[in-house]
Every structure is written in C-alpha cells, then in structure tokens.
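The block underneath contains the structure these notes are about, expressed in structure tokens.
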Amino acid sequence: MAFSSILPIVALAISTVKAAPASQNAVCSDGTVVSNSVCCDFIPLAQDLTETLFENQCGETAHEVLRLSFHDAIAISQSLGPAAGGGADGSMLIFPNVEPNFAANLGISDSVNDLAPFLASGKFPTITAGDMIQFGAAVAVGLCPGAPQLEFLAGRPNATAPAVDGLIPEPQNTVDEILARFQDAANLTSEDIVSLLVSHTVARADHVDPTLDAAPFDSTPFTFDTQFFLETLLTGVGFPGTPNNTGEVSSPLPLTVGDNVGELRLQSDFELARDNRTACFWQSMINEEALMASRFQAAMSKMAIIGHNRADLIDCSAVVPTPVPALNKPATFPATKSFADVQQACPSPFPSLTSDRAPRETEIPHCPDNEATCTS
Ligand code: HEM
Ligand SMILES: [Ca+2]
C-alpha cells in the first residue's frame, strides 16, 4: 500500500532526471545560448574576474591564475593511485594550507588568495573550486592578445583531500623526469608538454631568483606570441639578477634597469628547447602564432579535465569570453640578436626573421601597455 503510493513519485523523479539532457539548450539572461542552464552562472563570474581581479589586463594576476590551473591539474599520479591527488579538483582552494606550502608551489598562494574570495562570496553558489580555477584560467588567458578561446567544461566535484608533495614539475628537473611526470599524471606526451608550455609566453618569475620581482620568460610577457620559443633558443649571455639560482640558466636578454627586469631563463625551458625529443616541435612554434594558439587550446582541454571523465562534464565553452584580438606582429629577433645567436637543435629549416632595430639590448617593460607605473 505504502509502496504503491510512493511509486508514481519515484517514477516522476526519475523521468525528470532523464529529461534533463533533452532540455539541453538554454538562453542566459544576456542572450548567450548555452548547452545547459548551469553554464549561465559563469557569465557574471567572468565579468567579475575580468574587471575586479584581472583589471582587464594580461598582467600579474592573470598570469598567476593560469599557473594555478596547471598546479591544481597536474597533482595526480597513476602510479601512486587516487590518494595522491585528484587532478583539476580545486584542492588548492579547498585546502589552502596544504599544497600551496609545497616548495614547487612557491608563489601559488597569491592566486589562491585571489580566487578564494570569489568562491566564498556566496555570489556563485553553484560553482565548484575546480571549476573556478579552470574557468579563471580561461578568462585570464583570453586577456592576452593572441590567445585562443579555451574550451570550458563545468561540473568538477570538489576535492575531498589535498594532493601529496612531489607532483609539480620543477625547473631543475631533467627532461626525462618532466616527460615521466606528465605521463604518470595523465598520459600527456612530449608534444602536449611543449603545447602547455606556450603559457610561458605570458609569464614572469618571482621566486626563482628571490632578489627579482617579475622576471619575464620572454621579451613580451603581456602578449601571447611566439617570442618565448624563439628567445629560449638564443645563446645565454648572463643573469637578470643573481647568478646560479636553482633551476635557472643564463638568458640572452639579462639587462635589468630599475623595475624593468631582464629575461630569466628556466633550466627546464632551456633543455626542452634543445632535447631531441622536443626540439623540432619547439622550433615549429616560432612565428606560427595561430598554430601555437590552437595547439595550446587542445592541450589545455586535456589538462583542464585531468582526474575527470569528459562525459561527466557539461560543455560551457559558450560562456568563455571572446579573447582580445591578436596583435599579428611577426616574431622578430630582439635588438642586437640575429640568427647567429640561435642554438638550433632541430634540423628543419629555421624560419627567416628580421631583427628589431635598436642600438642596444631590448629593455623589457615591467608594466603592461607601456604604463609608467603599475600595481603588479
Ligand atoms: C615543465 C613544466 C613546468 C615547469 C618546470 C614550470 C616552472 C615554472 C616556474 C619555476 C615559474 C616561476 C614561478 C615564480 O618564480 O614565480 C613558472 C611560472 C609560470 N608558469 Fe610554469 N612551469 C611548467 C609548466 C607550466 C604549465 C604547463 C603552465 C600552464 C599551462 C605554466 C604556467 C606558468 C605561468 C602562467 C607562470 C607565470 C606566473 C606569473 O607570472 O606569476 N607552467 N613556471
Ligand atoms: Ca610573450
């Protein structure tokens, strides 16, 4: 008797759940058509992050959130098993006093502290920590001229435990160690790794040389261009700050003038640019901005869902803001440099490029858009 009266309700509940995929398309209040109404919740988040946190710039906070998306996702291990970490699960935000304290995560707490208030604000109650990080990275990189519009899938369950130490690649690691780590994390290949390292085109180090604030990895740290792949192949001539820091090797553009810090070269980037397993893919990025952007986009789609099944997630790519347009400036040798400075490690023909004309070494501006002063 009791059962028969409950049954229709249960049946109704099941049919409602089953009906969800059919009612797929939804229109958000701003008119964006999405595959599922849950995607709409990310639209105000994108706006808030862009204006409040990133201040409409491909600057320090945007760079840091991109780095966070990597450090959250890669903390997983097939050989150690599920207890080692859950990949892109937001564990960094949920356990802010664990992973951010690991040596390889030095500096990551800035981005954790930046995103935590958005998660705690109560304004985005449906958005999980893992989604917040990967979506934040997609919004961040879209502020860098030349970047692709990243895919964004929503629905990462919240982490239930932090990841263990030792899973984040470090610049003093060998190429063998780096290839093995990405393989163990998620079967990522050497081409995936180089494609993910495109992110170092919009990156500056604060902790490799602790005497320097924001030492760029290429001469255009606010532009998503191919200069990083060119400049990492130039002969190193000096250090932007103190020499011989762990994980650092000499750079081709070390000139530091006040706040304008010279280029810093990671040992890992130096070696991946020259290793015979990665050198040709590395070189093939140079002056191929659209190709580079599409490779980055594809590799980020893999990285962003590490630890999850694609089929369990909802495609919310429609709510990722359209990136700022590319500058469409060809790659060039920085002033005073030419093909003679290239340490070519791939036998394929090297692209023919012009040199910037200036009497002395390029000074890399500390602030975006040639602003005289900036907060970051
Ligand atoms: C072999 C793998 C990698 C190594 C060894 C590595 C290492 C580093 C190091 C040492 C820094 C400087 C941190 C500091 O001192 O402030 C850095 C910065 C950065 N990394 Fe990587 N990285 C790797 C891969 C990646 C990947 C896959 C991404 C993203 C998809 C990424 C994104 C970034 C970004 C955006 C920054 C700049 C952060 C800022 O400007 O504040 N890195 N990386
Ligand atoms: Ca750049």
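Key figures for this structure:
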| quantity | calculated |
| --- | --- |
| Subset of the range 337-376 [closer than 14 Å to Ser219 by Cβ and at pLDDT below 90] | Thr362, Pro368, Asn370 |
| Residue check for Ala273: closer than 30 Å to Ser77 by Cα, buried (at least 24 other Cβ atoms within 10 Å of the Cβ) and either away from ligand 2 (no atom under 16 Å from the Cβ) or small (Gly, Ala, Ser) (or both) | yes |
| Residue list for the range 183-208, filter: crowded, with 20+ Cβ neighbours inside 10 Å, farther than 21 Å from Thr332 by Cα and within 8 Å of ligand 1 (Cβ to nearest atom) | Ile193, Leu196, Ala205, Val208 |
| The range 46-67: number of residues that are under 9 Å from Ala140 (Cβ atoms), within 11 Å of ligand 1 (Cβ to nearest atom) and of a type outside the set (Ser, Thr, Tyr) | 6 |
| Helices (runs of 4 or more DSSP H) fully within the range 158-267 counting 3 or more residues that are within 16 Å of ligand 2 (Cβ to nearest atom) and at pLDDT 95 or above | 190-196, 227-231 |
| Residues of the range 327-345 that turn out to be of a type in the set (A, V, I, L, M), in contact (Cβ under 8 Å) with a residue 24 or more places away in the chain and not in a loop (DSSP other than H, G, I, E, B), as a count | 1 |
| Residue check, Ala138 hydrophobic (A, V, I, L, M, F, W, C), surrounded by fewer than 17 Cβ atoms within 10 Å (Cβ to Cβ) and either within 11 Å of ligand 1 (Cβ to nearest atom) or touching a residue at least 12 places away in the same chain (Cβ under 8 Å) (or both) | no |
| One residue from Leu45, Leu66 being aliphatic (A, V, I, L, M), assigned to a helix (DSSP H, G or I) and within 16 Å of ligand 2 (Cβ to nearest atom) | Leu66 |
| Residue in the range 77-85 that is out of contact with any Phe, Trp or Tyr (no Cβ under 6 Å at 6 or more places or on another chain), part of a loop (DSSP other than H, G, I, E, B), hydroxyl-bearing (Ser, Thr, Tyr) and farther than 21 Å from Ser317 by Cβ present | yes |
| Answer residue from the range 301-326, given it is in a helix (DSSP H, G or I) and not β-branched (Val, Ile, Thr) and is nearest to Ser77 (Cα to Cα) among those | Met303 |
| Pro145 near ligand 1 (Cβ under 8 Å from one of its atoms), assigned to a loop (DSSP other than H, G, I, E, B) and surrounded by fewer than 22 Cβ atoms within 10 Å (Cβ to Cβ) | no |
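For every residue, the table says whether it meets (1) at pLDDT 95 or above; (2) touching a Pro at 6+ places or on another chain (Cβ under 8 Å).
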{"residue": "Asn25", "(1), (2)": "no, no"}
{"residue": "Phe42", "(1), (2)": "yes, no"}
{"residue": "Gln47", "(1), (2)": "yes, no"}
{"residue": "Gly59", "(1), (2)": "yes, yes"}
{"residue": "Ala62", "(1), (2)": "yes, no"}
{"residue": "Leu66", "(1), (2)": "yes, no"}
{"residue": "Ser77", "(1), (2)": "yes, no"}
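The values are calculated or read from the model by the stated rules, or taken from the named source; none is laboratory data. Keep in mind it's a predicted model, so treat the numbers as computed, not measured. Don't worry about glycine lacking a Cβ; one is built from the backbone with ideal geometry, like all the others, and counts go over all protein chains shown.
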